[in-house]
1. Restricting attention to the stretch 128-166, and to residues there that are open to solvent by 20 Å² or more (accessible area, probe 1.4 Å) and part of a helix (DSSP H, G or I), which single residue is nearest to Glu304 (Cα to Cα)?
2. Only one of these is open to solvent by 40 Å² or more (accessible area, probe 1.4 Å), among the charged types (D, E, K, R) and modelled with pLDDT under 95: Glu228, Glu223, Glu194, Glu186. Name it.
3. Would you say Asn278 is touching a strand residue (DSSP E or B) at 6+ places or on another chain (Cβ under 7 Å) and open to solvent by 10 Å² or more (accessible area, probe 1.4 Å)?
4. Residue check: is Leu93 modelled with pLDDT under 90, in contact with a helix residue (DSSP H, G or I) (Cβ under 7 Å, 6 or more places away or on another chain) and open to solvent by 10 Å² or more (accessible area, probe 1.4 Å)?
5. I'd like to verify a number: residues in the stretch 20-55 that are farther than 25 Å from Phe123 by Cβ, modelled with pLDDT under 80 and surrounded by 10 or more Cβ atoms within 10 Å (Cβ to Cβ), how many?
Amino acid sequence: MGDVTFTAQVKFENAMRLELNQNKPLLASRAMDRDCAGSEKKKLDNLISQSTMKKKTARNTDVEYDTTGWDGIWVAKPDTDYLATEVDNDDKLVTEVDLEGGELMKHSAAYNRAWDDAFLEGFFGDLITGKSGTVLNPFPSGNVVPVNLSGSVEGQTTDKLKRARKILAQNFVNMQQQFYIALSAEQIEDLYDEIEATNQDYKQLGVRLSPDGKFMLGMLGFEFVEMELGNPLLNNSTLTVDGSGYRKNPFWTADGMVMAVWEKIFTSVDPLPGRHHNHQVYTRTVVTSSRTDQNRCGYILNEEA
């Protein structure tokens, strides 16, 4: 039994890691990673105030010194996310855990959702700052594209994407990096309906389609991350809806979000003597996220039919 358990553990762990390398969380894979193991609260980064150069306008004058402001970005250790399932020996799955295994697919999907849930919580939640991580900063209201940008309530439009880009540019982000926006099928359909992909004006906006035509990959410098933000299996899907029921489609820069990792992944396959030596398949992760400052993230409000 010991050898069987060890073999199953190795096969499951190797298969899980391979699967997660090939199929990553949709949102969290577009953020930076930071190792936070060993602390209950972790300072992710220092924020240093901006300065401008001064002019020396006369000879033999004193130097004027600039005062540098310091702040920090913090995260607190979250609760553990885990999934435990029982495999009956009669199903003979324990020693056949491979890329097609049902348990592998179930655990991998749950793991990816946990990371995307952590992303959503940090994206929409308070940004923790201060010298000791005690200052809570809500999501900046100036980084929100209104649902009625055109004057009436509507779904996703190219004008809203233009406004999102403008928000980032006016926040002085590095415009040479990748921008991301998460859109559900509803918003993708809105964009398809707004103007045909064959229209020359549409092409000038930098619309990119997949070779098979199934996916709209991006436009206006944004890479589209297509996923159903309202998926009930996402614990934090409610964070993507405002008080009026409008969808909050998040957009961010490549350096705008960070995943803070205490434990990336732990897996185990263990016998359960009290359950006729069935096996427990166990996966856990400890991860949270944060905006890296208040300038690099925003969201578009959209009506959904």
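The values are calculated or read from the model by the stated rules, or taken from the named source; none is laboratory data. If you're wondering where the values come from, they're calculated on a predicted model, not measured in any experiment. Note that we place each Cβ from the backbone using ideal geometry, even for glycine, and neighbour counts take in every protein chain shown. Only protein heavy atoms, including side chains, enter the accessible area calculation; ligands, DNA and RNA are left aside. Shrake-Rupley method; radii C 1.70, N 1.55, O 1.52, S 1.80 Å.
1. Step one: of the stretch 128-166, the residues open to solvent by 20 Å² or more (accessible area, probe 1.4 Å) are 128, 131-132, 134-142, 144, 146, 148-154, 159, 162-163, 165-166.
Okay, now just the ones that are also part of a helix (DSSP H, G or I), so 141-142, 159, 162-163, 165-166.
On the way: Ser141: 21, Gly142: 22, Asp159: 17, Lys162: 20, Arg163: 19, Arg165: 22, Lys166: 24 Å.
The selected residue is Asp159.
2. Glu194
3. So Asn278 fits the description; yes.
4. On the way: modelled with pLDDT under 90: yes; in contact with a helix residue (DSSP H, G or I) (Cβ under 7 Å, 6 or more places away or on another chain): yes; open to solvent by 10 Å² or more (accessible area, probe 1.4 Å): yes.
Here the answer is yes, as Leu93 does meet what is asked.
5. 1
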